[in-house]
Amino acid sequence: MKSKNLSLQDIDRIIEMAWEDRTPFEAIEAQFGLLEKDVIDLMRNQLKASSFKMWRRRTHGRATKHKKLSTVDDGRFKSTLQRVITNNKISKR
């Protein structure tokens, strides 16, 4: 497991991202280099047993935690009026 090289702040952020419904495991891998199995191992070691079981029940098979299964493009809603509201010329992407 690669978590031995992680700082406490990194571990906290990984746990936070793992609990978020719309953050896929691929995002954690891209940012921290941990595969899904590494995240599961980290969560198992860092959480209480009951919290880990709750997290596994919550994330197991959840489409939004796996980019290939997700129908959400980027997970964010962007209003068509956003540019008008903020008068931001850069946000027209």
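Does ARG76 satisfy being modelled with pLDDT of 75 or more, of a type outside the set (Ser, Thr, Tyr) and exposed (fewer than 14 other Cβ atoms within 10 Å of the Cβ)? When the stated conditions are applied, ARG76 does not pass them.
Tallying residues that are assigned to a helix (DSSP H, G or I), of a type outside the set (A, V, I, L, M) and surrounded by fewer than 14 Cβ atoms within 10 Å (Cβ to Cβ) within the stretch 1-43 yields 8. Take the residues in the stretch 44-73 that are aliphatic (A, V, I, L, M) and part of a helix (DSSP H, G or I); name whichever of them is modelled with the lowest pLDDT. So the residue we want is ALA63.
The values are calculated or read from the model by the stated rules, or taken from the named source; none is laboratory data. On a predicted model such as this, the values are computed, not experimentally measured, just so you know. Neighbour counts run over all protein chains shown; Cβ positions are idealised from the backbone, glycine included.
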